[in-house]
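The values are calculated or read from the model by the stated rules, or taken from the named source; none is laboratory data. This is a predicted model, so every value here is computed, not measured. Counting neighbours? That spans all protein chains shown, and the Cβs are built from the backbone with ideal geometry, glycine included. Surface accessibility is based on the protein's heavy atoms, side chains included, excluding ligands, DNA and RNA. Shrake-Rupley method; radii C 1.70, N 1.55, O 1.52, S 1.80 Å.
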Amino acid sequence: LEEDQAAADEARRKLNHELATMRAKDKTSREKAASVAEETARREEKMEKTLRNLQVKLENLQSEAAALSRRGDDALRELTEAKARCSAMEEMLQQKDDELQLSQSERQRLEQSNETLQADVQRLDDQI
């Protein structure tokens, strides 16, 4: 009976030791899990902050892109208007050039007529 009691006590001691070891391991595991959970929460918070910052940057870039697009549209419109004015000026210059050439032709014709008239006047003077 004493041997059974001693064996039971030894078994109880071993079980208590194993239980203490398992509780220690369980505590360590819970502490590690809590630490991992805290680290995960910190990382998630950091990632959320990074995401918010990236969203703000994206919105800013989209706003800048829209402004650049509007400026590009304005510049293109101004260029188109300038080309139209340039074409109109070229047409006007061509018209003035044509008028000038006609004026020069008319002047040459008038000079020739004047020379002819002067020669006729001279001839008439000589005849009188």
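Rolling a 1.4 Å sphere over the protein heavy atoms, what is the accessible area per residue of the chain, to the nearest Å²?
Accessible surface, normalised per residue, equals 95 Å².
Tell me what the chain gives for mean residue ellipticity at 222 nm when only DSSP H runs of n ≥ 4 count, each as -39,500 (n - 2.57), the sum divided by the residue total, rounded to 500 deg cm²/dmol.
-38000 deg cm²/dmol
So which lysines can residue 25 reach, going by Cα to Cα under 27 Å and dropping same-chain residues fewer than 8 places off?
14
How tilted is helix 2-127 with respect to the longest principal axis of the chain? Cα atoms for both, answer in degrees (0 to 90, nearest 10).
0 degrees
Pick from 118, 104, 95: which residue has the top mean-square fluctuation in a GNM of the chain where Cα pairs under 10 Å get a spring?
118
Could you work out the equivalent-ellipsoid semi-axes for the chain, taking the square root of 5 times each eigenvalue of the Cα gyration tensor, largest first, in whole Å?
119, 10, 6
How much of the accessible area of the stretch 41-98, in percent, comes from carbon and sulfur atoms when a 1.4 Å probe is used?
56 percent
Once you place label points 7 Å from the Cα toward the Cβ at residue 23 and residue 65, how far apart are they in nm?
6.2 nm
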